Structures are given as structure tokens and as C-alpha cells.
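Scroll down for the structure; my scribbles are underneath it.
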Amino acid sequence: MESGPGEKQRVIVVGGGVSGLAAAHRLLELSSEWALPVEVLLLEASNRLGGAISTRSYGDFIVEGGADSFITQKPWALELCKRLDIGNRIIKTNDQSRRTFVALNGRLHALPDGFIMLAPTKWRPFFASTLFSWFGKLRMAMDLVLPSRKKVEDESLSSFVKRRFGREALERAAQPMIGGIYTADPDELSMLATFPKFIEMEQSAGSVIRGLIEQETSGQDESPETARESDARGRKPAESGARYSMFVSLDEGMQVLVDSLAGRLPRDSLRLDAAVSSVVPNASGGWKVVIGSGESFDASGLILATPVNGTARLVADFDAALAADLASIPLASSAVLNLVYARTDIPHSLEGFGFVVPAIEKRSIIACSFATVKFSRRAPQGKVILRAFLGGALQPDIYSLSDAEMETLARADLEHYLGIRAAPLSVSLTRHPQSMPQLHVGHLDLVSRIESRVRTYNALALAGNAYHGVGIPDCIHSGELAAESVLRQLS
């Protein structure tokens, strides 16, 4: 698509999830900043925007079918909210009960205060914990004296944790918490692609525990919002598991972010129910994009913000090697089951943000979040929302069950761990098919090869959760970097 001086150049964004929306929004921001006239066209295959973000609001209920929060330690989502003028709508997790439970032998055990993902930072609560055996505790403490590897190499979560902390730490903490974030098999999950900081700590401090303690005391892992959060004596609220103080949401759910992004785009730049059937380079050095109806569009630049399996199908028409690399990234399916209960029907105290279920428990759910404890004003007084998570790489057969079968299994687990015998007041299940990329050992090398191949094409960029992180900030960052890359080439 040729453009004369001062003429608008069209950039097509394929995919209306948060990555694609962030890319489209950044294109318009940079177009203004760089005085580069750009026409943006976003094509989304479904009848809604937001992808895996899905908020349902009714009455006084706010029910999340996908992600319910984002982390502030990675700044890109927070910065975007501020640029969208919705910074005043950000809400923090409740500062009480910031802890996680772990299911073990049919009971819920509180993860000890100061236990960060796979290692302790406070000794008294760690040694008092009922989650680990005395042998397991001593084996984990050996991280302080074990030599570090001389050379930084990628390895699996299982390999790293067993090497530094032992099998018990893997089975009772790292697998359900870190593996659960990625719904992944710990024997395959890449440490360099997911938690490189732990490898850096081993190298720099000679011990992961020592590195975590140094990080805690220095506050180097804090965002500005977290750093201000303390009591009159300067003490921060106790927490365990994920760094919940770093997680925030929006007052009316994550859909606020999607709607705000969509609201900043010209109405004629959004096309829903526009599944792209093919993309190929055109004769003028740009791109030709065809949608299912047969309608075609020419563009100077192209951003593919589709799920990685969809991206592989689209590029197969012009680059089989690139398509093969993209298709080699495995995907897992998962489901979120939201159940509403009367508080009086739940015997458990719910004094935490939820619990994770290790694979060794051999149950159906992989985790349960106490949504109305984690964030305020998610349900009317006296009502509770529980979010149960099912599926993932370790339990693909469960995802293939019917909605009713999944509900039956999840409710059996909730009865087992929380003592809930009453029927829920309402239930909603959201499926996320083939939505979670599995970042296997060697993933960063694979992505480097993919990105090198993409750079051989004019004004082409990829965005999404399959490359440099699966969280909302990672997706936003990937979309914004894609926008910058394409516009730099066009300018």
C-alpha cells in the first residue's frame, strides 16, 4: 500500500484481546507524537473485545471470567491505565488476610508468612509451619550452603527447585503456585522464561533464600504503590505466596481496561466478527489481509496479535518455517468456574485469598480464589464468590468434560476442603480453549528465532502472551512494542 507525503498509512491489527487493543492504542499515540499520519484498523474474529478478559456485572456482583488483576511490579499496565485516565479507578487487594493456603492430605495449610513462591524469607513462621515436614524444612534451608551453578543455563522448574530446595518444596509449593500460574507441567516449564530472578539470585547472592531476603529488606522488588503501604510503625501487612500487595484491579472489574482502550479508538477502526482468513505480502511492499466474508484490505503495516496457533496458521501462507516455529509452542486449555454462595453456607473462615492444590493431591481443581476476600465490593453483603480453576497441562482430560461434569467435580473439591455442602446460589463457567502458552525449556531461544524471522519482513510484528510473558502487563508491553516497531519502519 503506497502512501504519498502526508497521506495516512494504514496499519492493520489482527486480534482484539488486550495485546491487540494496546497495540492499536499505541499506534494512535505514537502517530500523534511522531506526526506520522496513521489509519488503524483492528480486526477481531469474535463478537466482543477483550479476549481472555471477561467481566460480568449484575446487581451488586462483579464476576471475572478471566484475569481479575494485574501486577504493578511490571509497570506497563499501570502506566497505560494512567494514560487512559483510569488510574483513579485502580483498587488494591485488601490488606487483611493476604495469605495463601495449600491443600495437603485433605486439609488446607497456611503458607507461612514471608514464604515467596518457593522459598522462605522469615524463619520463625517457616519452622512453625505444618505444611512442610522437618526433613523438608532442613532440605530447603540447605539452599543457603549449596554451591551455585557456574554457568547460567535454562532448566525446568522441577530441576531448579529439586536442585536448590528438594522434592518436597517442589511438590508442596513450587508446582501448585508457579506451575499453577502457567497451568504448566513443572518438568517442562522454563525458569529463564518465567522466573529468571530466581536464577539471578542464585548467581548473585549464592542462594535464592539469601537473594529473596536481600530483596525484601532493600525493597527493590516494590512498585511505588507498594512502597507506600505500611502501618504507623513502618511494617507492611503480612502476606505469603504471590506478592499480593503488588496486585491491583479496577473498581468495576478488568473490563474497564478493555472498554477504556476501545473507547480511545475511532469507531470505524474496529471490526468485530471479522475473522481473518489470510495475510500475504502485497506487490507494493505492504500487506494484503482477507477476512472470511471475502473482503480484503491493503495495509502498509501489520500486527498479528492473535493466539499463537492462529498466528501460525496465518503466516503459513508466506513463511512455512516461521509457521512451524510458532506452531511448536504448546498450548493448554483451562476453565474458570465462578460460584456464588451465602456466607453462612461456608464453614471455612476464608481468612486468605484462596488456596492452591498440588498435583500430588489428585483432585480436580488446581486452585480456588476467594474473590470477595481478595477485592472489596465484588458481591452484596453476606454473599461470597469463589473462583475455581480447572484444566491446564497436567489435567487436560478435565477440560474435555461437560460444564455440568466440571461443576460436579469442583463442588466435590470445595466440599472436601472448605466443608461446603449447600448448593451455590449461582454458577457460571468460562472456558479458555488453547489459551495458555506453555513456555518450555529453551523457549527464549525459540522466541529469538521467531523474532529474527519476523524482522526479515517489512512492517510486520507479533504480539501476545506466547513470547515474553503471559500476564496482562506482558501482553500490553508486547502490543506496545509491536506498534513502535511497525511505526519505526514506516517512518
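Read-outs throughout are calculated quantities, based only on the coordinates presented, and are distinct from any laboratory measurement. What you are looking at is a predicted structure, and each value in this text was computed from that prediction instead of being measured. Every residue, glycine as well, gets a Cβ built from its backbone with ideal geometry; the counts of neighbours run over all protein chains shown.
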Quiz item: For the modelled label position 7 Å from the Cα of Asp95 along Cα-to-Cβ, which residues of region 357-377 have backbone nitrogen atoms closer than 19 Å?
Solution: 373-377
Practice problem: Using every Cα-Cα pair within region 298-352, state what percent have a distance larger than 14 Å. | Solution: 70 percent
Practice problem: Among the trypsin sites (Lys or Arg not before Pro) in region 415-481, which ones are in a DSSP loop with at most 12 other Cβ atoms within 10 Å of the Cβ? Mind listing them? | Solution: Arg421, Arg455
Self-check item: Using θ = phi - 60° and Karplus 6.51 cos²θ - 1.76 cosθ + 1.60, couplings along region 289-300 (whole Hz; Gly, Pro as x)
Solution: 10, 10, 9, x, 6, x, 5, 10, 9, 9, 8, 7
Quiz item: Which value in deg cm²/dmol, rounded to the nearest 500, describes the helix-derived mean residue ellipticity at 222 nm for the chain, given -39,500 (n - 2.57) per DSSP H run of n ≥ 4 and division by the residue count?
Solution: -9000 deg cm²/dmol
Self-check item: Cα centre as origin, Lys/Arg/Asp/Glu Cβ charges: the chain dipole, Debye
Solution: 1320 debye
Quiz item: What net charge is computed for the residues neighbouring Ala393, neighbours being all others with C-beta under 9 Å from the C-beta of Ala393, Lys and Arg scored +1, Asp and Glu -1?
Solution: -2
Exercise. Quick one: of Lys150/Lys197; Lys92/Lys122; Lys162/Lys197; Lys82/Lys197; Lys74/Lys197, which pairs are farther than 21 Å apart, Cα to Cα?
Key: Lys92/Lys122; Lys82/Lys197
Quiz item: Over what distance in Å are the Cα centres of region 1-76 and region 83-116 separated?
Solution: 29 Å
Quiz prompt | 14 Å tail of the calculated P(r), region 261-329, as % of Cα pairs | solution = 65 percent
Exercise. Taking just the C-alpha trace of region 330-437, give me its Rg and Dmax in Å.
Key: 13.6, 43
Quiz item: Counting pairs of alpha carbon atoms under 8 Å apart in space and at least six apart in sequence, what relative contact order in percent does region 53-101 give?
Solution: 19 percent
Quiz prompt | Kirkwood Rh (inverse of mean 1/r, distinct Cα pairs), region 55-170, angstrom | solution = 17.9 Å
Practice problem: Name the residue farthest towards the positive end of the dipole of region 330-437 from the options Met406, Gly391, Ala342, assuming +1 on Cβ of Lys and Arg, -1 on Cβ of Asp and Glu, about the Cα centre. | Solution: Ala342
Practice problem: Please tell me the relative contact order of region 111-237 in percent, rounded to the nearest whole number, where contacts are Cα pairs under 8 Å and at least six residues apart. | Solution: 25 percent
Quiz item: GluC sites (Glu not before Pro) within region 294-372: which are DSSP loop residues with at most 16 other Cβ atoms inside 10 Å?
Solution: Glu295, Glu351
Quiz item: To the nearest µm²/s, what D does Stokes-Einstein give for the chain at 10 °C and 1.306 mPa s, using the Kirkwood radius over alpha carbon pairs as Rh?
Solution: 67 µm²/s
Practice problem: Provide Rg over Rh for region 111-237; use the alpha carbon set for both Rg and the Kirkwood Rh (inverse mean inverse pair distance). | Solution: 0.97
Quiz prompt | Positive dipole terminus of the chain, leading residue within Leu326, Ala45, Pro281 (C-beta point charges) | solution = Leu326
Practice problem: Set the Förster radius R0 to 22 Å, insert the Cβ-Cβ distance between Ser296 and Leu36 as r into 1/(1 + (r/R0)^6), and round the FRET efficiency to 0.05. | Solution: 0.35
Self-check item: Tail beyond 21 Å, pair distance distribution of region 377-491 (Cα, percent)
Solution: 59 percent
